[in-house]
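This report refers to the structure that appears directly beneath it.
Where a number appears in this text, it was derived from the coordinates with a stated rule and is not lab data. Just so we're clear, the structure is a prediction, and the values are computed from it rather than from any experiment. Cβ sites come from the backbone with ideal geometry, for glycine too, and all protein chains shown count toward neighbours.
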Amino acid sequence: MRMKIAVYIHIPYCKSKCIYCDFLSSPNLAVSPAEYLRALEQELALRSHELREAGVMADTVYIGGGTPTVLSAAELSALLSACRTHLPLASGTEWTVEVNPGTIDLPKAAVLRAGGVNRISLGVQDTCDDRLALLGRTHTFAQARQAFSLCKKFFNAVSVDVMLGLPGQKVADSAKTVRELCAWQPDHLSLYGLKVEAGTRLDALLEQGAATLPAEEEALAMMQQGREILVAHGFNHYELANFAKPGHQCRHNLSYWENRPYLGLGLGAHSYWQSSRYCNTADLPLYQNSLLAGMLPPATIHVVQKREEMEDTMMLGLRLTGGVSFKEFQRRFRLDLRTLFAAEIQGLREKGLIECDAETIRLSKRGLPLANLVFAEFITGSP
Amino acid sequence: MQQSQIRNFSIIAHIDHGKSTLADRLLEYTGALAKREMAEQVLDQMDLERERGITIKLQAVRLRYLAKDGLEYSLNLIDTPGHVDFTYEVSRSLAACEGALLVIDAAQGIEAQTLANVFLALENNLEIIPVINKIDLPNADVDKAKRELEEIIGLAGEDAVLTSAKAGIGIEEVLEAVVSRVPPPSGDAAAPLRALIFDSHYDAYRGVVAYVRVMEGQINERMKIKMMSNGKVFEVAEVGAFRPRMTRVETLSVGEVGYLVAGVKNVKDTRVGDTITAAERPADQPLPGYRRANPMVFCGLYPVDSADYEDLRDALEKLNLNDAALTYEPETSAALGFGFRCGFLGLLHMEIIQERLEREYQLTLITTAPNVVYRVNLHNGATISIDNPALLPSSAEIISVEEPYVTARVIVPNQYVGQVMELCQEKRGVFVNMEYLEASRAVLTYEMPLSEIVFDFFDLLKSRTRGYASLDYQLLGYRVSKLVKVDLLINGEAVDALSFISHVERAYQRGRELTGKLREIIPRQMFEVPLQATIGQKVIARETIKAMRKNVLDKCYGGDITRKRKLLEKQKAGKKRMKQVGNVEIPQEAFMAVLRIN
């Protein structure tokens, strides 16, 4: 059997910066999308060569950003055909593109589908236009609904992103949002609590007192109520922030949580490949010039030791509500995780943060909102 | 060197009045060091000293100076610390000198701490040469400084040497004044050896290096010497002078200052203040020792990691070698485990020892809030001394508690007199008198409980007078006060390391402030944590740390894994610096919180 890998492609362009966003994306970059795509294709060619040599096939492709759909239909078409030309693709590849409402239209949808895309992740975020505007989103709720309908017609699976714990939001508001989106019948839904990142506009607004966030108790209630509504609507809560209809879990993201290898291409993209973690340079001219010269972009490299790999497997695997399988762990590391982490597991069980059965270890209901405390127990510090 | 061509002197100055710069210029002028060889301010060798701009350990250096009379003189400069905490060190260096330069900032005038050191020097019969420094500053007022010299100390203002150490003005005049005004050492070269140990340090290869001033006789290599305090005999392996690096010489003779190495392995055998004599022809009487340094401030020092206990003991032992003022006794705390109760001269001394332990010995420590020594009179007739608040007996056993009082002298510009009086009143001060030092400044004298000075008096004094006030204090004696012990309960458990003793009228407020502060410092746990301050059984203040309900990162995809792991590692490292008390994790700074209230 040939080994499989997840491939991520980063598009650092967006229409305008949302106030909470600290991703590597910008509406005004020094390099045009056409030039960026040329460099990216070069990276695809170089990396694909490596993949072929190692006998590895791409099982999932995920194009994210930024907002990939700010690219023109022609640019999108070129990007997808570059992927198809270079990447060794397995059959039945899951192929996701991130889309923001207001950046998708019929021609682009058609191009994406023609290019092999079969899954869309749509950033809806909220149902309230005032809050969408406050967040710096460039679309209304009505536009989000139109975009969803369009995507639903073209693609096998559509996922929506929703944010909770927004400035001025009440528990009743967030519950209404989740219910309304359930009515759309998406195949998958991600429910994120708003996180304030240092240096963002949101951070500054909160600092000035120009915006206030719901109290921790409220944010927690929003999350719990959202979860209940989704479960009642037939969604399976399979990861801390992710819900899926049967058969619609995101295979690409499962690679991350199962601590399997992935290859990231594009500016600042991360890879986990051949026991090392890489991070491409975030310097756009440097990225571009390296590739124009026929070389892979400079990247930081961190070699992952065995112990660290085991810890990461716990830290990531426990995000899944199905938990970590003892058998799986044994197969991978030839060690029993119950022996390896005996003291940690006992302490966490006493605190009621985890539960075990004969086959798996997973977060308890109490442990879900305190997951970081659990993960930290499995991290013993830098190797 | 002829005895008549030796001069031993020190420099007395307030912090920032330019002592170190002046010392550097003297070294430079006499060629002890070329300009390019000099790290800024050579005498302050410890990093900590340079960072804080103060001298802690005293240093000595020999300067060769060709005077205008055509003779070459050997001038020994013995550096003195400027801070009130280090009066003991000052008295050590002054005892080795015949003269002192009194450096006064031309813009600032005389400060309280300088005054205290001048009086020490006068007690030691030292010749004082006033040096008015920083005369090139635009706000320098030389006449005012001269008036202060006359009115406050009684020295003739016209005798002052005017300098700017920074600009190199007046350096030769200072050296000439030292030669002509400081008397040469008296002492008899033919008499039996008597040398005063005024400092020492430990060298891993050579053992103890003792810093000595020869008062009578002389010391040579291979001579057998005897310590007069314990009669132990050693053979001198090396004698030398400070130029300023240690330089070997054949002989140290009467009046000279230098060092000796004699294969002494145990630091206790070269007690600072002891007299060294010759084993073959010993002197009858030792030299008068020093004014004893009694620690006035105590605190508990505990390793965060209990495995570091032995390392902490070794480190304290080493620091104690040349800092006799530091005391340490093992103690056990229910909350913190095994540690030491340490005694210090004052708060600065305490901070410096703490920093040195952390920096030079890489120890991570928990320091409990400092306190003074209380005397407790018990119904059973006994009187006990308490240097740890947790050990105060129950009120039923106590007749009365006495606390140390000091005479505090504050020099302050007139416009702040009101604020200072108000502060002293708040701190239970008893007014003694007020004198004007000329039109613009006053000296306020109060009798105050030392515990209030240890608490936060100095910080408040600085902030209420914008740093213009200076403080000096001396122990006055013990007085009965209405004192109570306040205990802190975290999650229902008393934490002994957080107990403090307070005047009854302030206990409630401090209890409230401390619980409030702890609520901010102690991170949330998975459960609600009540905080209570109690006197006996009575709860006087209460706060609650809410339970942590949410600690989760919703997004974790390919680009987040490294960052997320780092975050968790950091969280974990923070936890390692905390002390588990019962079920609750308490950060280091919580134990000092009682000082940080307000």
In percent, how large is the relative contact order of the range B:375-481, given Cα pairs closer than 8 Å and 6 or more residues apart? 35
Evaluated at 37 °C and 0.692 mPa s, the Stokes-Einstein D of the range A:323-377 based on the Kirkwood radius over Cα pairs, in µm²/s, stands at 289
Taking Cα atoms only, Rg over Rh for the range A:72-190 with Rh from the Kirkwood formula is 1.03
Using Cα pairs under 8 angstrom and six or more residues apart, how large is the relative contact order of chain B, in percent? 10
At the level of C-alpha centres, the distance separating the range B:417-472 and the range B:512-584, in angstrom, is 39
For the table A:Lys17/A:Lys152; A:Lys17/A:Lys176; A:Lys152/B:Lys570, the rows whose alpha-carbon distance is greater than 32 Å are A:Lys152/B:Lys570
Taking only the alpha carbons of the range B:484-595, what extent do you get along each of the three principal axes, in Å, biggest first? 60, 22, 21
For a quick protection proxy, order the peptides B:574-585, B:418-429 by their average other-Cβ count within 10 Å, most packed first. B:418-429, B:574-585
Computed ³J(HN,Hα) along the range B:424-429: with the Karplus parameters 6.51/-1.76/1.60, θ = phi - 60°, integer Hz and x for glycine or proline, the list is 4, 4, 4, 8, 6, x
For chain A, can you list the cysteines whose C-beta has no other cysteine C-beta under 4.7 Å from it? A:Cys14, A:Cys83, A:Cys128, A:Cys151, A:Cys182, A:Cys250, A:Cys279, A:Cys356
In debye, nearest 20, what is the charge dipole magnitude of the range B:512-598 about its Cα centre with +1 on Lys and Arg Cβ and -1 on Asp and Glu Cβ, if you could check? 280
Rounded, prolate or oblate: which fits chain B, taking a ≥ b ≥ c as square roots of the Cα gyration tensor eigenvalues, rounded meaning a/c under 1.5, else prolate when a/b beats b/c? prolate
Expressed in µm² per second, the diffusion coefficient of the protein assembly as shown from the Stokes-Einstein equation, with Rh the Kirkwood radius over alpha carbon pairs, at 37 °C and 0.692 mPa s, is 96
What percent do you get for the relative contact order of the range A:58-118 when only Cα pairs under 8 Å and 6+ apart count? 51
Across the range B:201-215, in residue order, what do the Karplus-derived ³J(HN,Hα) couplings come to in whole Hz, using 6.51 cos²θ - 1.76 cosθ + 1.60 with θ = phi - 60° and x for Gly and Pro? 9, 9, 10, 4, 8, 9, x, 6, 9, 9, 9, 10, 10, 7, 8
Which FRET efficiency, nearest 0.05, do A:Lys170 and A:Val303 yield, Cβ-Cβ r, R0 41 Å? 0.30
Compute the normalised compactness of the range B:252-311: alpha-carbon radius of gyration over 2.2 N^0.38 Å, N being the residue count. 1.76
For B:Ile399, put the label point 7 Å out on the Cα→Cβ axis and report which residues of the range B:472-505 keep their amide N under 17 Å from it. B:478-483
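What does the structure give for B:560-571 when I average, per residue, the other chain Cβ atoms found within 10 Å of the residue Cβ?
Whole-number average of other-chain Cβ neighbours for B:560-571 is 6.
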Expressed to one decimal in nm², the mean projection of the alpha carbon convex hull of the range B:194-278 is 4.6
May I ask you to compute the full-extension gain from B:Glu317 to B:Leu122, defined as 0.36 nm times their residue separation minus their alpha-carbon distance, rounded to one decimal in nm? 66.8 nm
If one computes the Cα centroid of the range B:355-398 and of the range A:128-145, what distance in Å separates the two points? 63
Write down the percent of antiparallel bridges among all DSSP beta bridges whose residues are both part of the protein assembly as shown, to the nearest 5. 70
Non-local residues with an amide H under 5 Å from the amide H of B:Gln525, with H modelled 1.01 Å from N and Pro and chain starts lacking one, are B:Met548
What is the list of residues in the range B:339-380 whose amide nitrogen lies under 14 Å from a point 7 angstrom out from the Cα of B:Glu589, following Cα to Cβ? B:367
Given B:Lys318/B:Lys485; A:Lys108/B:Lys555; A:Lys153/B:Lys550, which pairs have Cα atoms separated by over 30 Å? B:Lys318/B:Lys485; A:Lys153/B:Lys550
